Amino acid sequence: MNPGSALPLLLFFGFTAGIVALALTLALKQQRRAREQLTALAARLGLELKRQPAKLGFEPTPTVEGNHRGRFVRFFSFTTGSGKSRTTWVAVSAAATGTGAFTLDLGHENFLTRMAIALGMQDIKVGDPAFDRAFIVKSSDPAYAAAALLPEIRARLLAGVQHGMFGHLRIADGLVRYAETGAFGNEAQLNRLVAMLEVACDLAEVAEVYPKK
């Protein structure tokens, strides 16, 4: 092969290797930052950091879990989809025993949800104009869901909006979970999850007294 013709190929492979090395460096840095923040979070809340063995040099994102306000709580991450549609989420959950078949979904109102509502999608109104404008609420029991969203819970949720909260909250199968897209390592996002921990615990208390049918 002519040395001159091989030069572009060598430059291409060198450039590609550099990009891969940079991506790996950034990924490891993000991993380390997430671990540090979760370690500090565990200490702050009196919870336990759970780590898993590294694979191919990468450690799965740790979880933070334990007892808070008399119930099991957990900070964790998960993914949905695959390939280009793969999405990473961060979440906080609180156990809620004895909720039966009661479910509640709460998300933000936007142009798309307004169109869906116009086409018949459920949106429970609780009688709080600011809250009703900000959120879409769906539930297996609309009357109980409206009652469950107590004024102090609505105030916490509206305060979360002021701090950039954009995720989805769900009560189902004995669990209250709040999740939003992202990755641990973002301090503002972690602070939102800590705030939502209290909301999750509040809602767990309300959901546990759901009348059994």
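The values are calculated or read from the model by the stated rules, or taken from the named source; none is laboratory data. This is a predicted model, so every value here is computed, not measured. Every residue, glycine as well, gets a Cβ built from its backbone with ideal geometry; the counts of neighbours run over all protein chains shown. Surface accessibility is based on the protein's heavy atoms, side chains included, excluding ligands, DNA and RNA. Shrake-Rupley method; radii C 1.70, N 1.55, O 1.52, S 1.80 Å.
Of all residues in region 189-212, those that are free of Cβ contacts under 8 Å to residues at least 60 places away in the same chain have Cβ atoms under 9 Å from Cβ atoms of residues that are in a helix (DSSP H, G or I) and open to solvent by less than 40 Å² (accessible area, probe 1.4 Å), 6 or more apart or on another chain, in ARG192/GLY160; ALA195/GLY160; VAL199/ILE153; VAL199/LEU157; VAL199/GLY160; ASP202/ILE153; VAL206/ALA148; VAL206/ILE153.
The single condition among (1) open to solvent by less than 10 Å² (accessible area, probe 1.4 Å); (2) in contact with a Gly (Cβ under 9 Å, 6 or more places away or on another chain) that GLU208 does not meet is (1).
Considering only residues that are charged (D, E, K, R), open to solvent by 50 Å² or more (accessible area, probe 1.4 Å) and without any contact (Cβ under 8 Å) to a residue 24 or more places away in the chain, which ones fall in region 53-103? Before the answer, list the steps.
Taking region 53-103 first, the residues charged (D, E, K, R) are 55, 59, 65, 69, 71, 74, 84, 86.
Those left that are additionally open to solvent by 50 Å² or more (accessible area, probe 1.4 Å): 55, 69, 74, 84, 86.
Passing the criteria: LYS55, ARG74, LYS84, ARG86.
Of a type outside the set (Gly, Ala, Ser) and touching a helix residue (DSSP H, G or I) at 6+ places or on another chain (Cβ under 8 Å), is that true of GLU205? No: the conditions fail for GLU205.
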